[in-house]
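Undergrad: Take a look at this one; I'll ask things after.
The values are calculated or read from the model by the stated rules, or taken from the named source; none is laboratory data. Values in this document were obtained by computation on a predicted structure and should not be read as measured data. Here the Cβ positions follow ideal geometry from the backbone for every residue, glycine too, while neighbour counts run over all protein chains shown.
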Amino acid sequence: MQKSSLINMLENLKAQGHMVPDMNLLKTPEQIESIRKSAILNTAVLDYISKHICAGMSTQDIDKLVYDYTTTHGGIPAPLGYQGFPKSVCTSINNVICHGIPDEKTFLQEGDIINVDVSTILNGYYSDASRMFAIGKVSDRAEKLLKVTKECVALGLAAAKPWGHLGDIADAINSHARANGYSVVEDIGGHGIGLEFHEEPFVSYVAPKGTEMVLVPGMMFTIEPMINEGSPEFIIDEENGWTVYTIDDGLSAQIEYMVLVTETGIEVLTK
Ligand code: MF3
Ligand code: CO
């Protein structure tokens, strides 16, 4: 599409009351290529963790694997030093919703579920994705939460279409979570990404269909809903200022993909 007709289209949508991205949120083909490379490294880090994660290792061991693999391949772990975050990766176990900080005293145990959230800077370009891992045999409860979270994210991806809305993705995710008796965390969400770690827009996973920002080709953002067994409410660790726990100690799961809106659909950059 011509730049002038795109600007026109965005103006019209705005006049009709839709939220539209600023032009600087739409990535150029050159930027997309560079961000894609960052995302490929980020995926390789997660694949590497998948191979090594096991009962008995500490979350600090995961941190070291992430740091070493990333830096050996020319990248920088984006969380390290980000707003004072002290480690290279977030490791969130069981009732931790997100932003778990790796340490030497926390060991993975059979039956745990853990989210490993990896973010990478490569040549100044940012990528971000996370996966859930079941450590050995987990409870039926945990198994079901992992299965439904996977389904939620797949439905969210399927609902993402150029010229649709971010709320379409949220609605697909939230409806499926609720149909399974779960809740979706409201006040923490996804984000634009690529040139910065966290760009506009904020991505809600509880917004209604047809609301929030219009999906315009060139936009890049994360789909990373946090699905709770019980209440969506949370508390933040007072000591470290980061770790987010479920208020009722229920389990929480999260899967994160980074996507690009194209003319014809969306492309998952962190396969
Ligand atoms: N993927 C997480 C997010 O976007 C990573 C946070 S890193 C941290 O919120 F440094 F902020 F913890
Ligand atoms: Co993220």
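Undergrad: Of all residues in segment 13-35, how many are assigned to a helix (DSSP H, G or I) and under 28 Å from ALA207 (Cβ atoms)?
TA: Total meeting the criteria: 9.
Undergrad: May I pose another question? Which of the residues that make up segment 103-118 are on the phi < 0 side of the Ramachandran plot and assigned to a loop (DSSP other than H, G, I, E, B)?
TA: ASP103, GLU104, LYS105, THR106, LEU108, GLN109, GLU110, ASP112
Undergrad: Mind telling me which of the residues ILE114, ILE97, ILE188 ends up being modelled with pLDDT of 95 or more and either away from ligand 2 (no atom under 15 Å from the Cβ) or in contact with a Gly (Cβ under 7 Å, 6 or more places away or on another chain) (or both)?
TA: ILE114
Undergrad: Further question on the same structure: Consider THR270 against the criteria (1) within 13 Å of ligand 2 (Cβ to nearest atom); (2) more than 28 Å from ILE35 (Cα to Cα): it satisfies all of them except one. Which criterion is unmet?
TA: If we test THR270 against (1) within 13 Å of ligand 2 (Cβ to nearest atom); (2) more than 28 Å from ILE35 (Cα to Cα), just (2) comes out false.
Undergrad: Could you tell me whether segment 139-155 includes any residue that is hydrophobic (A, V, I, L, M, F, W, C) and assigned to a loop (DSSP other than H, G, I, E, B)?
TA: no
Undergrad: Among the residues of segment 84-96, is any assigned to a helix (DSSP H, G or I) and surrounded by 13 or more Cβ atoms within 10 Å (Cβ to Cβ)?
TA: No; the residues of segment 84-96 include none that is assigned to a helix (DSSP H, G or I) and surrounded by 13 or more Cβ atoms within 10 Å (Cβ to Cβ).
Undergrad: Then there is this: I'd like to check something: does segment 159-181 contain any residue that is within 16 Å of the chain's Cα centre (by Cα), without any contact (Cβ under 8 Å) to a residue 12 or more places away in the chain and away from ligand 2 (no atom under 16 Å from the Cβ)?
TA: No, that holds for no residue.
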